[in-house]
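Rule-based calculations on the coordinates, nothing more; no lab input. Model, not experiment: these values are computed from the prediction. Please note: Cβ atoms are built from the backbone with ideal geometry, for glycine as well, and neighbour counts cover all protein chains shown.
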Amino acid sequence: MKRYTQEQIDAADSIDLVAYAQSRGYELEREGNQYRMKEHDSLYLKDNHWYWFSHQLGGKTISFLMQYEGCGFVEAMQTLLGEKDINERPLPKASEISAKEPEPFELPTPSENSKAAYAYLCQRGISPKIISQYMKEGLIYQTNSFAYTDENGERAEKKCPAQVVFVGKDRDGEPKYACTRACFNEGKHDAPGSNKAYAFSIPAGENCKSVWVFESAIDLLSHMTLCSYSKKQYPAHRVSLGGCSPVALQRYLIDHPEIEYINLGLDNDEQGRNAAENIKDLLKDSYKVYDHTPTFGKDFNEDLMHRQEQYKESHKEKNDPESER
């Protein structure tokens, strides 16, 4: 097998994927600053990146040739570096593409009430008013069932301690994603069939041009709580990624072409910093991207809890007669 240097691999991966697709004869339609593959309404190309939202696939140029066109690594490198005729391989037919079909999605079964979920979120410092609002809207609720796919590929459930559910919807309001967080331990997972392209988000008005981005729903709600303390309110879309992959942000930007400003509120650790740099590199030519690390701790929930504790301490001192002596 032919070996390639890291410089050669980086050069191949940086080749403009839109130009490559056009030279191959793919039919593309421009949508904002990206291009959509005509035969797949959820496959988008931009610069040297691609995302296939319905299949939760994506990456850079080399992976497009390998995962979408079905060629091996060496063949992909030969094609991209001009060692092999770009049109030597026929275009793959949609019916022949071996992408894994997405697992059917169902929301976790709701509990009779959401008292434990409400108490857990309050314990994390999140505003009761915010919790109540999004529970009423069905974006947050409680489940006492753990959903999984059994050995026969069928959906199954078993009882479990209370978990809070965060629901992600598409632009038409159809649920596409759900992540759960245990109320009494550290357990968390995505519901079977969840599409991370539609992770938990809170939209703003139609003309809002700013979006805040977080790794988790807890951090998103924590930031909303912090902002509620301010006298001046600045409207903004808010998106959680369900991790560090930018796929949910990419999908949100496609659905909201009015957005111009991206505010990154990712974790202040190695993974979060790497993800922030990746997103800035990916979107800096099309958007104004700003990086905002929390002023205290690893994430915005730790920041929120710290500020609330400081507030309690300061008021405790003011109300303590001994402190005046």
Backbone N within segment 244-272 under 15 Å of label point (7 Å from Tyr234 Cα along the Cβ vector): 260-265
Per-residue [θ]222 nm for the chain (sum of -39500 (n - 2.57) over DSSP H runs n ≥ 4, rounded to 500): -9000 deg cm²/dmol
Theoretical gain in end-to-end length, Met66 to Ile86 [0.36 nm per residue, Cα-Cα removed]: 5.8 nm
Segment 102-145 versus segment 254-274: alpha-carbon centroid distance in Å: 24 Å
Amide H within-cut-off set for Cys160, under 5 Å, with H built and near neighbours excluded: Ser145, Phe146
Given charges at Cβ of Lys, Arg, Asp, Glu: segment 187-325 dipole, positive-most of Val247, Gln233, Ser314: Gln233
Point-charge dipole on Cβ atoms (K/R +1, D/E -1) for segment 4-65, about Cα centre, debye to 20: 120 debye
Charge dipole magnitude, Cβ of K and R +1, D and E -1 - the chain, Cα centre, debye nearest 20: 780 debye
Eligible aspartates and glutamates near Lys196 by straight Cα distance, threshold 13 Å, same-chain separation 8 or greater: Glu103, Asp170, Glu215
Ranking of Tyr287, Tyr198 by count of other Cβ atoms within 10 Å, fewest first: Tyr287, Tyr198
Relative contact order [Cα under 8 Å, 6+ residues apart], the chain, whole percent: 11 percent
Kirkwood estimate for segment 6-96, i.e. one over the average of 1/r between Cα atoms, Å: 13.2 Å
Residue order, fewest to most beta carbons within 10 Å, for Ser240, Ser132: Ser132, Ser240
